[in-house]
Amino acid sequence: MYASSFFNYYRIGRFIFALALLIGFQIAGMPYAVPSLRNILVIYIFIVLLRLVVATEEINYFDFLLDIVFISAMVYISFGIYSYLTFIYLFPIFFSSVLIKTKKIFLFPIISAVLYGTVYYSYGFLFEREGMLNVSLHLLAFSLIALAGDNLKTRMEQQEHYIRRLEEEKIKMQGFERLYRVSADLAHELRNPLASISAAVQFMNEGRIDREFVEILVTETKRLTSLVNDFLLFSRPADASKEDFDLSAMLKMLVEDQGNDKKIILTTAANTIIMANRTFLEIAVNNIIKNAVEAARSTVKVALGKNRRDISINIEDDGPGISEEARDKIFEPFFTTKTNGTGLGLAIAYRIITSFGGTVLVDSSPLGGAKFSIIFPVKV
């Protein structure tokens, strides 16, 4: 929220301002006329620096009260000499009205006016006509600056709310755009096998019973079934039940099941327990390993590692790799560089892994091909 950062700017700004004020007084030779003024400034700078270093970012009324008391002390010490110092009251009053609740915006203007009036009273001028007028005008100025700060706060809150709504709408529209694109791609993928099935059925309906038409029906029906199952899998992992299991055993089984003539080098680590749905995660990791095996010329490396922060599975191959342009689209549904691919394998893998709190990164491998990194945060 804007208030926290705004308050940080205020804390830094008042330290810089107080330091500049001290340097300015020193250059002008004013501390020699009023030595206690320099002392109060040094004490204030020390307290402000301490608050800047050790205090939390949470807004604290003490900071505004400290500033008002400090300003009142300066006005008291330099009374009748540096009357312009009273304008510094406006800074804590303005910032407090921007940062505190609306019902309390007049709290610090009233405190400032009371302390300023106390200074006048201590010198015996409060009940003189000029003294009363001076304090009253200061109270009016303090109240107006508080109202101005509150008005700015209202506008900032409205702007923040408006920006948040725009961001929500943008996210929603991106979701709709993605849905439309996926729907169009799905319709395209369904149209081809349906056209083949329709043509085969039409020929058979005309009495041309041929083995070729039966094979078309079987092949395209299997293709449709696989496509629908993959699409359902793409939408379901978030609802899946979770359990603790060891990734080492899962990877050993997946590597053994590849049944390929290419060399697969597996390295594992101990105590790699994560919480996820094992069935879904097996499908996700298997899709990535399968892709690596298909792309590899001769070698695939699967490495399971663990450190304090995360558990990672790195899958590398010595194939042709993935172009920079393709990396931005590789996890999108129906995007594929294969001749007979559906483009759902990596999309399903990404969907499953991210739904269980993991991330998937794509990079170039030292082997020459692609490197997929699956990363899960360590369970605390």
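FYI, it's all coordinate maths here, none of it is from the lab. Everything quoted here is computed from the prediction, not taken from an experiment. Positions of Cβ are generated from backbone atoms using ideal geometry, with glycine treated the same way; all protein chains shown enter the neighbour counts.
Worth a mention:
- Scaled against 2.2 N^0.38 Å for its residue count N, the alpha carbon radius of gyration of the range 278-380 is 1.03.
- Ordering of 15-22, 128-135 by packing [mean C-beta count within 10 Å, highest first]: 15-22, 128-135
- Diffusion constant of the range 2-166 at 20 °C, which comes from Stokes-Einstein with the Kirkwood Cα-pair radius and 1.002 mPa s, µm²/s: 126
- Just checking the listed ones, 35, 109, 333: in the Gaussian network model of the chain with Cα springs under 10 Å, the one fluctuating most is 35.
- At R0 = 41 Å, FRET efficiency that the Cβ-Cβ distance of residue 69 and residue 158 yields, to 0.05: 0.75
- Pair residue 310, residue 323: separation of 7 Å Cα→Cβ label points (nm): 2.8
- Charge dipole magnitude, Cβ of K and R +1, D and E -1 - the chain, Cα centre, debye nearest 20: 820
- Counting only DSSP H runs of at least 4 residues, each contributing -39500 (n - 2.57), and dividing by the residue count of the chain, the helix-based mean residue ellipticity at 222 nm comes to -21500 deg cm²/dmol.
- Among the listed pairs 262/306; 301/329; 222/290; 262/329; 153/329; 222/329, a Cα-Cα separation exceeding 32 Å is found for 153/329.
- Protection proxy ranking of 274-284, 199-209, 214-224 - average other beta-carbon atoms within 10 Å, highest first: 274-284, 214-224, 199-209
- For the range 192-199, backbone phi angles converted through the Karplus equation (6.51, -1.76, 1.60; θ = phi - 60°) give residue-by-residue couplings of 4, x, 5, 5, 5, 5, 4, 5 Hz, Gly and Pro being listed as x.
- A simple count of charges around residue 204, restricted to other residues whose Cβ falls under 14 Å of its Cβ and scoring Lys, Arg +1 and Asp, Glu -1, yields -3.
- Karplus-derived 3J(HN,Hα), 6.51/-1.76/1.60, for each residue of the range 143-154, Hz, glycine and proline x: 5, 5, 5, 5, 5, 4, x, 5, 5, 4, 4, 4
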